[in-house]
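Written below as structure tokens is the structure these notes are about.
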Amino acid sequence: MLSVMMGLHLLAAVIWVGGMFFAYVVLRPVAGSQFEVPQRLRLWSTLFKKFFSWVWLAILVLPITGVAIATRLFGGIGSSPLYVHGMFMLGGVMILVFLYLYHVSFRQLKEAVVIENWSRGGELLARIRKLVLLNLGLGLVVVSIAGAGRFLLG
């Protein structure tokens, strides 16, 4: 059962963090150079809708499997090593950032695209870009802690 929980946990993290990496580092520069503002905003609005479905799944899977793994390996979160606490804390911050991004910025972006308010949409996309960059940075730190934390932080 531990291997199933670990596998699900890692898959959820890879989907979320990897998706942000691809969107920010690969797709964003190409979309910015290839599409005019209306096309770009429609692209991102549609893309986010699909990707955020996967993020919601990751947000469900990661805490559940994280608690299950900590319970199995360490007897619970309270007795887990420092690096596990770090992953839980940063993961919680990532979830909060995503909740704001989704319920405020993304909702407003969708509305701006529907009414074709391209200047407002551009402002919202810039805000979303900053939030994705923040979460990408946090996600990369969490992945690094997952890989090296037990050796560095015990």
**Report entry** the chain: calculated mean residue ellipticity at 222 nm from DSSP helix runs of at least 4, using -39500 (n - 2.57)
**Finding:** -28500 deg cm²/dmol
Report task. Give me the distance in nm between label points sitting 7 Å out from Cα along the Cα-to-Cβ direction at Ile95 and Ala148, one decimal. Result -> 2.7
Report summary line: Counted neighbours (other Cβ, 10 Å), sorted fewest up, put Thr71, Thr65, Thr46 in the order Thr46, Thr71, Thr65
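Add +1 for every Lys or Arg and -1 for every Asp or Glu among the other residues with Cβ under 15 Å from the Cβ of Phe22, and state the total.
Working: positive: Arg28, Lys50, Arg129; negative: none.
Neighbour charge sum, excluding Phe22 itself: +3.
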Query - Segment Leu27-Leu82, length gained on full extension (0.36 nm per residue, minus Cα span) - result: 16.3 nm
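At most 11 other Cβ atoms within 10 Å and a DSSP loop assignment: could you name the trypsin sites (Lys or Arg not before Pro) in region 1-49 that fit? Present the calculation step by step, with values, prior to reporting the outcome.
Details: sites: Arg40, Arg42, Lys49; in loops: none.
Passing sites in region 1-49 do not exist.
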Query raised in the report: According to a simple spin-label model (label point 7 Å from Cα along Cα-to-Cβ), what is the distance in nm between Leu43 and Glu116?
Result: 2.0
**Report entry** Projected label distance in nm at Ile64 and Met1, using a 7 Å step from Cα toward the beta-carbon
**Finding:** 1.4
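For region 1-115, divide the Cα radius of gyration by the Kirkwood radius and give the resulting Rg/Rh value with two decimals.
Details: Rg = 17.2 Å, Rh = 15.9 Å.
For region 1-115, the value is 1.08.
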Query raised in the report: Cα centroids of region 117-154 and region 27-77: how far apart, whole angstrom?
Result: 10
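Read-outs throughout are calculated quantities, based only on the coordinates presented, and are distinct from any laboratory measurement. This is a predicted model, so every value here is computed, not measured. As a convention, Cβ positions derive from the backbone with ideal geometry for all residues, glycine included, and neighbour counts pool all protein chains shown.
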